[in-house]
Amino acid sequence: MTSTWREPYHVVLEVENKQCKMVKKLTTLGLTHLKVVDVRSSTKGAVRHLMDLGEEQAKKVPKSLVAHKRVEGKTAVWLESEGCEVCNAILGHDAFLVSGKSLEDNLILYSFMVPTFEAYQAILAELEKTGHKVNVRKIGKFEQQIGVLTENQERIFWLALKSGFFDYPRQIDMTELSKKLGISTATLSEIMRRGTRRLLEHYFRQEL
């Protein structure tokens with residue numbers, strides 16, 4: 001695991017974002033009542049937005065913007081575009097975006113992981129410098145707990161949990177997570193396999 005992720009933090013920011021490029025693109029197409037349901041980084045360097053448009057409006061979105069095939073009858077659709085100032089500030093400091101959720105007006109709640117506290121400070125400073133109103137809703141640092149896992153295993157599991165790897169559906173897969181951490185998929189898989197074995201042996205220690 002790369003040394004840049006030795007002291008990771010999970011951050012949740014509430015940001016007034018009037019410059020969301022996806023919202024602007026859809027507005028120019030005449031689409032209204034737009035709601036950002038989720039925002040995630042893409043392995044291709046772009047940003048994916050899950051937009052709730054209503055079933056009829058969803059049918060009008062150009063295929064060039066659609067990141068995943070639209071499911072008939074669903075009102076929300078995954079769209080992909082360049083990131084705005086907010087997304088780029090987050091993704092530009094070795095962080096990775098976990099999710100984003102529209103609250104009201106232009107307020108969007110961003111959840112993301114950063115490798116260090118300094119990276120978090122740099123993101124915050126960049127957002128404030130560009131005139132965005134920011135409210136820090138949550139910030140939590142990785143802290144080793146019970147000692148069953150090695151520090152590296154525990155850090156990996158913490159990052160995987162916080163980034164939605166264990167959610168259903170998953171918010172990030174093994175390939176995306178390994179790429180963000182700077183290790184191979186095989187290495188990440190082996191770390192998690194060994195860590196899972198340690199956890200199970202600890203849980204079932206009285207029966208072994």
* Structure fact -> Scanning the range 57-82 residue by residue, the ones that are modelled with pLDDT of 80 or more, open to solvent by less than 80 Å² (accessible area, probe 1.4 Å) and small (Gly, Ala, Ser) total 3
* To do: Can you confirm whether the range 95-109 contains a residue that is over 30 Å from Val61 (Cα atoms) and not small (Gly, Ala, Ser)?
  => no
* **Total residues in the range 111-165, condition open to solvent by less than 30 Å² (accessible area, probe 1.4 Å), without any contact (Cβ under 8 Å) to a residue 60 or more places away in the chain and among the charged types (D, E, K, R)** => 1
* Asked: Ile108: at pLDDT 85 or above and either in contact with a Ser or Thr (Cβ under 7 Å, 6 or more places away or on another chain) or assigned to a strand (DSSP E or B) (or both), yes or no?
  -> yes
* Scan the range 1-29 and report the pairs whose first residue is modelled with pLDDT of 85 or more and whose second residue is part of a helix (DSSP H, G or I) and among the β-branched types (Val, Ile, Thr), with Cβ atoms within less than 6 Å and a gap of 6+ or a chain change. => Val15/Val86; Asn17/Val86
* Asked: From the residues in the range 83-98 that are among the small types (Gly, Ala, Ser), open to solvent by less than 30 Å² (accessible area, probe 1.4 Å) and modelled with pLDDT of 85 or more, which one is nearest to the chain's Cα centre (by Cα)?
  -> Ala95
* Asked: If you check Val86, Val136, which single one turns out to be part of a helix (DSSP H, G or I) and closer than 28 Å to His33 by Cα?
  -> Val86
* open to solvent by 20 Å² or more (accessible area, probe 1.4 Å), more than 27 Å from Val12 (Cα to Cα) and not in a loop (DSSP other than H, G, I, E, B): does that describe Glu201? -> yes
* Can you name the condition, by its number, that Lys180 falls short on among (1) touching a strand residue (DSSP E or B) at 6+ places or on another chain (Cβ under 9 Å); (2) open to solvent by 60 Å² or more (accessible area, probe 1.4 Å); (3) not in a helix (DSSP H, G or I)? -> (3)
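The values are calculated or read from the model by the stated rules, or taken from the named source; none is laboratory data. On a predicted model such as this, the values are computed, not experimentally measured, just so you know. Virtual Cβ from ideal backbone geometry, glycine too; neighbours counted across all protein chains shown. What goes into the accessible areas is simple: the full protein's heavy atoms, side chains included, and nothing from ligands, DNA or RNA. Shrake-Rupley method; radii C 1.70, N 1.55, O 1.52, S 1.80 Å.
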